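First the structure, in the form of structure tokens, and then the observations on it.
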Amino acid sequence: MKIIEGGVCAAQGFTAGSIRCGIKASRTNDDTAVIFSACECTAAATYTMNRVKAAPVYVTMEHLENGVARAIIANSGNANACAPDGMENARRMAKAAAKLLGVDEDDVVVASTGVIGQRLPVECIEEHLPEIKLEENGSEKANYAIMTTDTRTKTAAVEFTIGGKTCRIGGICKGSGMIHPNMGTMLSFITTDCAITHEMLTDALQENVRKTYNRVTVDGDTSTNDMCVVLANGKAGNELIDWQDEDYQVFCKALNEVNTRLARQIAADGEGATKLVTCTVSGSRSEETAERLAKAVVGSNLVKAAMFGADANWGRVLCAMGYSKAPFRPEYVTVAFSSPAGSITVCEKGEAVDFDEDAAKKILSENEVTIAINVNEGEDSATAWGCDLTYDYVKINGDYRT
């Protein structure tokens, strides 16, 4: 497997582009993106588990019931959630894209992100969408168009071989705040030219989302618009993957690489964040236990604040583990902090050890920090990703709507 460039246009047969429709008056850059396949794709998706779902989520659920799609249209600046005419406007978005691309309306995935509770001015999308230009190198433009409070684009792509055929898979995503996924991330779009059935694609995505996006937390809030969609057009010409055989495992490994990279980028770009915080729990009695412990640690506001202040306050780590409801024995726990500046053990057998505070400060001052926890009870492990909690998070969200 090889890391490559190209995002959602890395795979054969996919083009993408963006246009400014004027959805939000204060936004001066493009706000609507389209991703298109030259032929029909098998499709799979995961959606937010929030009981309050945006209209585009429901429309996409309807459109993907048959497991096929050809295009994605996504806008930023307005979530079209809890909004007047929500379902009608989501369907009008799909219809506008279908008309532009010459495909059936049911073959269009619809996604939105932005402010909740305001009517989506779909008329401006209908007016300006025909001006969009789709290009083989249009992934980055599409990525910029779906950003809200994101400070940078998030993309990944890999090349791999199945049955002697070169396959590619790539993706883009957006997500910075309201990030505590219970399915995927806010918006993640993945494309591949690998030939794979809808059933196998669904299995691969659902299993992988659990170990990637679902292990990211920025602020503990699960969005109303969360969606992760994968389109596979089969252009690579490999033998169709219709069983969980060796080829399926190769595909899953490639999907995991892309989604792990995207998940890490989301955590690193959390609203107001200055550093990516990774927590790995090892020596656990089960992977589920390790996951619950790791997510509790990176999700703790007190741990996040300590990371911002570069304070080696390991007691907050054990505190978060303790209320996670995951089974472990505190008297067995070892905790260490590490970064490019080094590594330092701060707790052994659930108790403090002497450590150099200045060295710890230096380690925690890097922009990527790892909290390594060994619960010394088994062989399983899990990793979760988060970020520090800064003054800027409150500034960004104090007046997000206005």
Q: May I ask you to list the trypsin sites (Lys or Arg not before Pro) in the range 60-141 that are in a DSSP loop and have at most 16 other Cβ atoms within 10 Å of their Cβ?
A: R119, K133
Q. Taking the Cα centre of each part, how many Å lie between the range 265-292 and the range 12-48?
A. 29
Q | MRE, 222 nm, helices only [DSSP H, n ≥ 4, -39500 (n - 2.57), over the chain, to nearest 500] | A | -9000 deg cm²/dmol
Q) Among all the lysines, which ones have a C-alpha under 26 Å from K304's C-alpha, if same-chain residues fewer than 8 places away are not counted? A) K154, K174, K211, K275, K295, K325, K349, K361, K362, K395
Q. Taking the mean number of other Cβ atoms within 10 Å as a proxy for protection, how do you rank 365-374, 351-360, 37-46 from highest to lowest?
A. 37-46, 365-374, 351-360
Q. Of all trypsin sites (Lys or Arg not before Pro) in the range 340-402, which ones are in loop regions per DSSP and have a Cβ with at most 15 other Cβ atoms within 10 Å?
A. K349, R401
Q | lysines with Cα under 18 Å of K235, excluding same-chain neighbours fewer than 8 positions away | A | K165
Q: With no solvent and one equal point scatterer placed on each C-alpha of the chain, evaluate the Debye formula and give log10 I(q)/I(0) for q = 0.06, 0.09 Å⁻¹, two decimals.
A: -0.24, -0.54
Q.
Just want to confirm a number: the relative contact order over the chain, from Cα pairs under 8 angstrom separated by 6+ residues, in percent.
A. 17
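Just so you know, all these numbers are worked out from the coordinates, no wet-lab data involved. Because the structure is a prediction, the values reported are computed rather than measured. All Cβ positions, even for glycine, are placed from backbone atoms using ideal geometry, and neighbour counts span all protein chains on display.
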